[in-house]
Amino acid sequence: MKKSNLYLALLGLSCSLPVYALESLNDNVLQSIDGQAGMDLNLQLSLNHKPLASTSTGGVRAYDPALTPQFDTDTCAGNKLEYCRLALIFNNRTVDQNGNPLSSNAGRKQWITLKGVQGTINIQRLGIDGGKIQYAPKGETTTIERPAIYLSFDDTKPIEVRNFGFQSLAIETDTCGESGTTYCITGQTVNSPGYLDTTKYTTTDGAFDANNPFTGTARERGFLGVNMNANLQIAGKVAVFSCAATGSTAHPRC
């Protein structure tokens, strides 16, 4: 008898539970609803590096070669180092066959070439949030609100910079003009881009360090090298918002 009473009680409870059906919302209702969302991103930029041996677990991590990405000698092999570069050129920076930039035959481009480029930048936390910003328009004391996107950083999770830089810097020149067959230096009839020049140091050059420590081959010619390892700590928020450039709602900095 007790079991029958229990079953009846449960049946009555289940029958008494309310049931709600989903209702569609029109555009007017949706426009009246305010919401806010955010996200935390972890971004890592790695250029010509082998994968990280480990990742950070929070806090400042000291530089440790065993836990730091190193130059990728598979991608940047000793016989293909010219494809691991970053080259920049300024407009109208050209020279003639003798290196004169003022000549009427100046058609050979010159490149600022960073050789052996490498580096890993690990942004452990980048916060993106939606919100509002209040400001007083020019010449007024009352404030108005604008929607804004907030970018935030956590100083307990610094931006890690590891083996970031380049092995050598040089100014390289094309062998011919832009057309490929004009303004060529003596002995050249087809243009070879300066940023692909493969000239390396030899034993007779007298360079104090003519060997590439990563590939075991001769080092590429250049006069400057940079390598950086650091932890960059940033705290605070950056607000990105739109405002009228003119009129009564203009922001003082617009």
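Only the coordinates and a few stated rules stand behind these numbers; no lab work does. From a predicted model like this one, the values you see are computed outputs, not experimental measurements. Here the Cβ positions follow ideal geometry from the backbone for every residue, glycine too, while neighbour counts run over all protein chains shown.
Quick notes on this one:
- For Lys132, nonlocal amide neighbours, meaning residues 5 or more places apart or on other chains whose placed amide H falls under 5 Å from its own, are Ala148.
- In order along the range 77-89, the phi-based Karplus estimate (6.51 cos²θ - 1.76 cosθ + 1.60, θ = phi - 60°) of 3J(HN,Hα) comes to 5, x, 9, 9, 5, 5, 9, 10, 9, 10, 10, 10, 9 Hz; Gly and Pro are listed as x.
- Per-peptide packing, taken as the mean over residues of other Cβ atoms within 10 Å, places 148-160, 130-142, 103-115 in the sequence 103-115, 148-160, 130-142 from highest down.
- Cα-Cα separations in the range 85-215 greater than 24 Å, expressed as whole percent: 60 percent
- Ordering Val190, Gly177, Asn163 by the projection of their Cα atoms onto the charge dipole of the range 148-208, which places +1 on the Cβ of Lys and Arg and -1 on the Cβ of Asp and Glu, puts Asn163 at the extreme positive end.
- Backbone geometry of the range 102-107 corresponds, through the Karplus equation with coefficients 6.51, -1.76 and 1.60 at θ = phi - 60°, to 3J(HN,Hα) couplings of 9, 6, 5, 9, 6, x Hz, x marking Gly and Pro.
- Once the chain from Phe90 to Gln31 is taken as fully extended at 0.36 nm per residue, the excess over their C-alpha distance is 16.2 nm.
- Among Asp40, Asp197, Asp27, a tally of other beta-carbon atoms within 10 Å of each Cβ gives an order, fewest to most, of Asp27, Asp40, Asp197.
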